[in-house]
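For reference, the structure is listed below as structure tokens.
Derivation of every value follows stated rules applied to the coordinates shown; laboratory data play no part. The structure displayed is predicted, hence computed values, not measured ones. All Cβ positions, even for glycine, are placed from backbone atoms using ideal geometry, and neighbour counts span all protein chains on display.
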Amino acid sequence: MLKVALTGGIGAGKSTVAQKLSQLGASVIDADALSREVVAPETEGLAAVVSRFGPEVLTSEGALDRAKLASIVFDSAPARAELEAIVHPRVRARARELTDSLPDDAIVVQDIPLLAETGQAPGFHLNIAVEAPRELRLERLAARGLDRADALRRIDAQASDAERREVCDVVLYNDHDLHELERRVALLWDERIKPFAENLLHGHAERRPEKLQFVESDPLWPRRFEHLAARLRRVMGPSAVRIDHVGSTAVANLPAKDVIDIQVTVVSLHVVDAFADPLGEAGFYGGVGFDSPKPEHPDIAQWEKRLYGYADPGNIAHIHFRSIDAPGQRFALLFRDWLRADAQARADYAQAKGVLAAKADSVTDYAEAKEPWFDREGWPRANRWAAEHGWHAPLC
Ligand SMILES: CC(C)(COP(=O)(O)OP(=O)(O)OC[C@H]1O[C@@H](n2cnc3c(N)ncnc32)[C@H](O)[C@@H]1O)[C@@H](O)C(=O)NCCC(=O)NCCS
Ligand SMILES: Nc1ncnc2c1ncn2[C@@H]1O[C@H](COP(=O)(O)OP(=O)(O)OP(=O)(O)O)[C@@H](O)[C@H]1O
């Protein structure tokens, strides 16, 4: 089951996107709707709200007076936090129930206005933010009958666009008409959501293209790493001793294949095998792999790792699980730190990559061609740099 979270500031167009995704085949769970359900008349949720805010937040019919409660909580952050402490756990429990009742091949979209604020993003395979310029949002909300001052109070009570972007894999810009928004949603569905769900259903990680292609350094690479790291951390907890962004995408200003390399340090590779099922549920699949031995460590057994990928076609990743005492674990961190620190090393590596890439037809050929460079240049020079600068592999 693919679990997608959809978020956005009030009036950005989240519900409109959710509606389109539902037409395309998604099962939509709407947190706003659930937040009404859990405080409907005669629920224990409503009783909890009344016991905190008093009977004055009830209408004469005994239902929640939403406008009254809104005027209290959007003026007072502590009061809002108390209301959220009542509503949010109940909304989450109900969302879990609904999700559990869906079939395995479902694509579930949870519409969660406060995704960034509540730290739930790593629990989803894909997080989407809908964004629109503030003035446009205020106009749309006014057309829906929300008073400008009320709208501004809610905007102020929410995370900023930048904070939402921090936790989202995709940003949908809703700065044109509805037709354009629908076109963007349909494209996202066809190119990313559908194939992602297929991959999950069949237990496949998305593979890098076999044709070698370098792209310019992308400022979004660190964020893509952060999102994957947060998902891995959620699954493995402290069993992941460290989670590091490694490889060329971890070094600013270095062209690279558009693949995020992540090293997860574990005490033993058995730990990874024990996590295979929950890693699979989170979209991470893989198996046994080996790094190339270096002359000082000729024993191939020391170079065993687990190599996983991620099922998202829009975020191709290699996750290298290495044992804390493996020479490859130390080298991945050293190589990255050396390239980050030493401009000459960066330039030489970029040049070597360019020369080798020009000769190689495929990614596999290129990876093989790179090994002698590592043996002859990368490994000895990085080690020399480590000795000169007192670099030691971080322990935790
Ligand atoms: C205060 C309440 C009763 C006002 O009800 P009202 O019908 O006017 O608004 P509704 O619930 O439809 O929400 C509309 C929009 O307001 C914004 N909003 C609602 N609650 C919050 C909040 N706690 N913080 C920031 N924005 C919020 C969201 O953008 C939401 O989409 C209601 O919003 C509420 O119970 N809020 C607390 C629960 C909550 O956090 N809900 C958000 C998602 S679970
Ligand atoms: N591209 C667009 N062009 C014109 N109107 C739009 C566009 N996108 C959304 N709207 C309208 O703007 C209003 C707000 O959109 P929507 O209800 O989807 O926002 P929302 O982010 O879900 O808000 P809320 O947080 O209140 O749920 C709606 O009336 C919607 O029909």
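Which aspartates and glutamates, if any, have their Cα less than 13 Å from the Cα of Lys194, not counting same-chain residues under 8 positions apart?
Asp105, Glu206, Asp312
Which net charge results when you count Lys and Arg as +1 and Asp and Glu as -1 among the other residues whose beta-carbon is under 15 Å from that of Glu97?
Once positives and negatives cancel, what remains is +2.
With the calculation restricted to Cα positions, what are the radius of gyration and Dmax of the range 214-389 in angstrom?
Calculated on Cα positions, Rg and Dmax stand at 15.9, 44 Å.
Using alpha-carbon pairs under 8 Å, 6+ residues apart, how would you state the relative contact order of the range 183-330 in percent?
27
Please list, or write none, the lysines whose alpha carbon is within less than 23 Å of the alpha carbon of Lys257, excluding same-chain residues fewer than 8 places away.
Lys211, Lys305, Lys353, Lys359, Lys370
Provide the percentage of antiparallel DSSP beta bridges, counting only those with both residues in the chain; round to the nearest 5.
Given both bridge residues lie in the chain, the antiparallel proportion sits at roughly 45 percent.
Could you please tell me the mean projected area of the C-alpha convex hull for the chain, averaged over all directions and given in square nanometres to one decimal?
22.7
Points 7 angstrom from Cα along the Cβ direction at Ala33 and Ser362: gap in nanometres?
Using points 7 Å along Cα→Cβ, the separation is 4.8 nm.
So for the chain, averaging the separation of alpha carbon pairs under 8 Å that are six or more residues apart and normalising by length, what relative contact order in percent results?
The normalised contact order for the chain reaches 16 percent.
So what is the relative contact order of the range 2-202, in percent, for Cα pairs below 8 Å that sit 6 or more residues apart?
Averaging sequence separation for qualifying contacts and normalising by length gives 38 percent for the range 2-202.
Once the Cα gyration tensor of the range 276-343 is found, what semi-axes does its equivalent ellipsoid get, as square roots of 5 times the eigenvalues, in whole Å, sorted largest first?
Taking √(5λ) for each eigenvalue gives 25, 18, 9 Å, largest first.
Highest mean first, how do 314-323, 69-78 rank when packing is the count of other Cβ atoms within 10 Å averaged over residues?
314-323, 69-78
When the chain is fully extended, how far beyond the present Cα-Cα distance does Ala79 get from Leu98, taking 0.36 nm per residue of separation?
4.0 nm
Looking at the range 190-317, I'd like the Rg to Rh ratio, where Rg is from alpha-carbon atoms and Rh is Kirkwood's inverse mean 1/r.
My calculation of the ratio gives 0.97.
Given points 7 Å out from each Cα along the Cα-Cβ axis, report the Ala162 to Glu61 separation in nanometres with one decimal.
4.5
Starting from the 7 Å offset along Cα-to-Cβ, what nm value, one decimal, do you get for the label separation of Asp299 and Ala40?
With each label placed 7 Å out from Cα toward Cβ, I get 6.5 nm.
Please report, in whole Å, how far the alpha carbons of the range 2-202 spread along each principal axis, starting with the longest.
51, 39, 28
Report the local net charge at Asp156: Lys and Arg +1, Asp and Glu -1, summed over other residues whose C-beta lies under 15 Å from its C-beta.
Once positives and negatives cancel, what remains is +1.
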